[in-house]
Amino acid sequence: MSDIIHLLPDSVANQIAAGEVIQRPASVLKELVENAIDAGATFVRVAIKDAGRTLVQVSDNGKGMSDTDARMAFERHATSKIKDAQDLFSIRTMGFRGEALASIAAVAQVEMRTRREEDELGTLVEIAGSRVFRQEPIQCDKGTTFQVKNLFFNVPARRRFLKSDSVEKNHILQEFYRIVLVHPDVEFSFYDGDDEIFKLPVSNTKLRIEQVFGSAKKKLNQQLLNIETDTNLVAVKGFIGRPEYAQKQAHQFFFVNGRYMRHPYFHKAVMLAYNQLIQPTDNPVYFIYFDVDPQTIDINIHPTKTEIKFENEQAIWSILSATVKEALGKFNVVPSIDFDREGVPDIPVQKADSIISPPKTSFNPSYNPFGASTYKRPQMEWEELYKGFEKQAEISDFNETGQDRPVEIFQSKMNKDSENTGTYFQIKNRYIITSVKSGMLMIDQRRAHIRILFDQFMKEISEKKGFSQQLLFPEVLQLMPDDYLFFEQIKTELRYVGFEFEAEKTYQYQVKGIPAQLKNTSGVLPLLSDMLERVRQATGDALSVIHEQIALSLAETAAIQTGQTMSKKEMTDLVDQLFACPAHNHTPDGKLIMTIWTQDEIQARFK
Ligand code: ADP
Ligand code: MG
């Protein structure tokens, strides 16, 4: 028998690769406009016809290409932007794979005109279905113009797959917004057929947002609050909407280093800050720009995926959360359910004739807090209360923004309320109640525990060290072929939290160990299938989302049930651990964990 393996012709290989990069007219627009920006353009003109089906045209006044480069640009993996793999980790340009033009040329009819400033004549290249039909010198302006016609003319299946004009146009606009909102220093115009629908002169970020989304009726400027924080991990800048302007549909954008990103986890941080300020069904607008060292993020190499992985995700979460809360607080839009600022010294009122003298201080010069300490904590009743803080210190370590130190605030708060400190009551086997400075604190025991366990599991996943509990009788996990792929996707993470699997047959595993926290739960199999379902449902396939789903699933399984009686000691531990969690007010899926009945509210009931 003769050999049967052969290499695919380039045109076919390009078409296959194109399927990944170019999915719809909006992808063409994105790639072309990004290229224009990368080429240093200060003016970019976009025009589409029939929602981009018949034409996507992008002209720029950027640096143009030589005639050789004009031809090279359409080769696969042809790029001027990175030279070796190392460069991948310090990407600042938009494109870098050198695949876009080759892909577009594989599935459309392309005409490109380009000229460098120093050249007298420019170059015209005509290429369709990866075949070059023409390349010749022409007269043209400095810069580059691409006309991409009849997308998918040679791939009817893909052409049919396109959605209605309004859907495709919406995709196009979304891509356009994602670029123009980070480049206010570039002028843009946008034509749909003969109608100019955007004219965006050079401006600053806030005005650019206004240019794009504002209108005579909707003065966006007045609706936006400024946010700004600069730390050595991240700089966060941008604008968030005043709560009263929240709507069902709202423009929400995250950018990192000048690139649009989706980030469900950070999104949650923003949404939590608005909790109770807006209707649960409403959404605030936000335009938030992160700047980080490019070495600390992992840009998804996949061109159509916009999820980005941050090395310091949790810390940035806290910083973002504090920044948004601060902005909302500064404009007096957050109700003060938070803890009292107890312990802050009162500023005494000075009488006009009183003499002001510098305060006297005394200190022990031989005191060394780090030396072999002779200091012993006095043995007091409330000593118990602090147990657990030591071991929680690691978790709250990253919470160094200085904005939100729940443990300390809680300590001081508990301290002051001396008469009932550390006295917890459980009611309905469901809520833990205690007296605090500002009134009565009620905590939902199960939700509190879910938060604590969730944070623990997330930590174990990220540090790859969970404790395993061997099962006396291993359970057999039989997967459907469908689930198998998802399971493979999360198996490593499951190992990190303490699961142990042994492959038995195809699609069949023995579960030999489970996370130590789960030792009292029956039904490992339902848990695993729940987890698979969640991963399957998870929007986006960013690893961080998968991790969250796993951690949440585990936390919900292992958490104490509503209806379970708790001892004093258990309640104390639970509350301590809860306050060591940075986001102790809400469960990972946004449910309220605790609430305070203020003294006023209580008093009002006795009126
Ligand atoms: P990438 O952007 O990933 O490098 P592309 O296929 O999008 O890959 O483009 C290939 C190359 O063509 C770019 O690296 C750049 O050198 C050149 N190029 C593309 N578009 C333009 C443009 N508008 N102006 C100047 N050069 C361009
Ligand atoms: Mg590109």
Subset of segment 140-175 (residues that are open to solvent by 70 Å² or more (accessible area, probe 1.4 Å) and within 16 Å of ligand 1 (Cβ to nearest atom)): 141, 142
First in segment 50-68 and in contact (Cβ under 8 Å) with a residue 40 or more places away in the chain and within 21 Å of residue 159 (Cβ to Cβ), second anywhere and open to solvent by 50 Å² or more (accessible area, probe 1.4 Å) and small (Gly, Ala, Ser), Cβ under 9 Å, 6 or more apart: 51/164; 51/166
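Yes/no per residue for (1) in the same structural domain as residue 265 (by TED's automatic domain parsing); (2) surrounded by 15 or more Cβ atoms within 10 Å (Cβ to Cβ); (3) in contact with a helix residue (DSSP H, G or I) (Cβ under 8 Å, 6 or more places away or on another chain):
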{"residue": "450", "(1), (2), (3)": "no, yes, yes"}
{"residue": "453", "(1), (2), (3)": "no, yes, yes"}
{"residue": "480", "(1), (2), (3)": "no, no, no"}
{"residue": "500", "(1), (2), (3)": "no, yes, no"}
{"residue": "522", "(1), (2), (3)": "no, no, no"}
{"residue": "548", "(1), (2), (3)": "no, yes, yes"}
{"residue": "553", "(1), (2), (3)": "no, yes, yes"}
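Considering only residues that are within 37 Å of the chain's Cα centre (by Cα) and over 21 Å from residue 586 (Cβ atoms), which ones fall in segment 427-446? Talk me through it step by step, then tell me what you get.
Start the filter on segment 427-446 by keeping residues that are within 37 Å of the chain's Cα centre (by Cα), which leaves 429-446.
Answer for segment 427-446, where residues must be within 37 Å of the chain's Cα centre (by Cα) and over 21 Å from residue 586 (Cβ atoms): 429, 435, 437.
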Residues of segment 24-42 satisfying the condition of being open to solvent by 20 Å² or more (accessible area, probe 1.4 Å), polar (S, T, N, Q) and more than 6 Å from ligand 1 (Cβ to nearest atom): 42
Number of the condition not met by residue 86 [criteria: (1) at pLDDT below 80; (2) within 11 Å of ligand 2 (Cβ to nearest atom)]: (2)
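Does at least one position in segment 135-154 carry a residue that is assigned to a loop (DSSP other than H, G, I, E, B), acidic (Asp, Glu) and under 30 Å from residue 283 (Cβ atoms)?
Scanning segment 135-154 turns up no residue that is assigned to a loop (DSSP other than H, G, I, E, B), acidic (Asp, Glu) and under 30 Å from residue 283 (Cβ atoms).
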Index of the failed condition, residue 133 passing every other in (1) open to solvent by 60 Å² or more (accessible area, probe 1.4 Å); (2) in contact with a helix residue (DSSP H, G or I) (Cβ under 9 Å, 6 or more places away or on another chain): (2)
Residues that are in a loop (DSSP other than H, G, I, E, B), within 14 Å of ligand 2 (Cβ to nearest atom) and farther than 23 Å from residue 201 by Cβ, drawn from segment 53-79: 65, 73, 74, 75, 76, 77, 78, 79
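Please give the strands (runs of 3 or more DSSP E) falling wholly within segment 198-311 in which 3 or more residues are of a type outside the set (Gly, Ala, Ser) and open to solvent by 50 Å² or more (accessible area, probe 1.4 Å).
Result: 224-230.
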Residue among 71, 45, 92, 76 that alone is open to solvent by 40 Å² or more (accessible area, probe 1.4 Å), assigned by TED's automatic domain parsing to the domain that holds residue 174 and modelled with pLDDT of 95 or more: 45
Residues of segment 461-478 classified as open to solvent by less than 30 Å² (accessible area, probe 1.4 Å) and under 20 Å from the mean Cα position of the chain (by Cα), total: 1
Test for residue 273: is it under 13 Å from the mean Cα position of the chain (by Cα) and farther than 30 Å from residue 29 by Cα: no
Failed item, numbered, when residue 331 is tested on (1) at pLDDT 65 or above; (2) more than 24 Å from the chain's Cα centre (by Cα); (3) open to solvent by less than 70 Å² (accessible area, probe 1.4 Å): (3)
Pairs, first more than 17 Å from residue 62 (Cα to Cα) in segment 176-200, second open to solvent by 60 Å² or more (accessible area, probe 1.4 Å) and among the aliphatic types (A, V, I, L, M), C-beta under 6 Å, six or more apart: 190/197
Filtered residues of segment 26-52 (kept if under 13 Å from residue 104 (Cβ atoms), more than 16 Å from ligand 2 (Cβ to nearest atom) and in contact with a strand residue (DSSP E or B) (Cβ under 8 Å, 6 or more places away or on another chain)): none
Pairs with Cβ under 8 Å, 6+ apart, first in segment 2-18 and farther than 11 Å from residue 76 by Cβ and open to solvent by less than 100 Å² (accessible area, probe 1.4 Å), second part of a helix (DSSP H, G or I) and modelled with pLDDT under 75: 8/16
Residue, surrounded by the fewest Cβ atoms within 10 Å (Cβ to Cβ), within segment 573-607, restricted to residues that are within 23 Å of residue 315 (Cα to Cα) and polar (S, T, N, Q): 585
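The values are calculated or read from the model by the stated rules, or taken from the named source; none is laboratory data. Computed from a predicted structure; not experimentally measured. For neighbour counting, all protein chains shown are included, and Cβ atoms are generated from backbone atoms with ideal geometry for every residue, glycine included. Note: areas computed on protein heavy atoms with side chains; ligands, DNA, RNA excluded. Shrake-Rupley method; radii C 1.70, N 1.55, O 1.52, S 1.80 Å.
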